[in-house]
Amino acid sequence: MSSFSALQQLEQQQTYLQAMGIQRWLPRQVLTHAPASAAWVAEFVWPPKEVVDVDQPSVDESSMTASVNPQTNIIDRPPRTLNTDAIQSSRQAALSNMVIDEPSVSFPAKAAPVSDTAVIVDESSAVEEVPLPERFKNPRYSLAFIPAGDLLVIDSLPPHARDAINPAYKKLLIGVCRSIGAEVNLEAIDTHLWPAFAGSHLNQGGEEAQNSVRRQLAVALKTHPIKRILLLGEPAAQWLLEQDQSLEAMRGLTFSLRSGVKTQVSYSLMHMLKLPEFKADCWRDLQALL
């Protein structure tokens, strides 16, 4: 952006975007295999230095709205090294506060029938009860099975969110799939919910929920020529991999759900829509599927 007129045009564009409440997101670091950013990105600051009023009273940073890019609201400050520990802790806090699954509803246990005859149990012959996995306790999930050529994307959705798959969701989904050489079929998106039925008279416990996920995966693998699977969000990763580990513990690892089917774990599309900084981490996770 060596031309002064071009810089003025860019600043005018930013003024219009801010007036309309539209955020401009600029890269803060170089991503592997990503296209190079335009030259003006490294030079762009907002607001421009020429319009800064030195007599203007200081503004409390805590009251600033999120519509201003955190990269461009710093003026005349020396560059500083990113604190990776602080970034990681802030992302962990953001993940813990973001609800993808609703809290499970607990039902009171049925009282055992009272018998008039006392029964003596030999404790030496009693079988030790194996604790249920955490996801088996009042299971609740909403998963989207999305075929994209030889790629199968399984994303975690908020339970019973009818407007979750909106235009912004579809646009990000298309971009994620194209970044690893896959074209998504939006007409073939299949949403899988649990509990599947209303009412407490049916068995909709953890084992049935797990079997339902296995059947859904088997149908997808039989219907489409799947060679790669991308699990987005903790519910998808836990139910498909049958693990109770956290999302961060499973990210960066390569799994195999079937012979010859490489599987990778990353953040859900809902996470990336609400917190765009997770897109860079997702891009790194996708490298194993290229």
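The values are calculated or read from the model by the stated rules, or taken from the named source; none is laboratory data. Note that the structure is predicted; figures quoted are calculated from it, not measured. Please note: Cβ atoms are built from the backbone with ideal geometry, for glycine as well, and neighbour counts cover all protein chains shown.
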Any hit, region 154-171, residues being in a helix (DSSP H, G or I), at negative phi and at pLDDT below 90: no
Of the conditions (1) within 15 Å of the chain's Cα centre (by Cα); (2) farther than 20 Å from Ala288 by Cβ; (3) of a type in the set (Asp, Glu), the single one that Glu208 does not satisfy is (1)
Across region 255-283, which residue is nearest to Arg215 (Cα to Cα) among those that are among the basic types (Lys, Arg) and surrounded by fewer than 15 Cβ atoms within 10 Å (Cβ to Cβ)? Arg258
Just to verify a result, which residue in region 202-226, among those that are assigned to a loop (DSSP other than H, G, I, E, B), out of contact with any strand residue (DSSP E or B) (no Cβ under 6 Å at 6 or more places or on another chain) and touching a residue at least 40 places away in the same chain (Cβ under 8 Å), is farthest from Ile189 (Cα to Cα)? Gly205
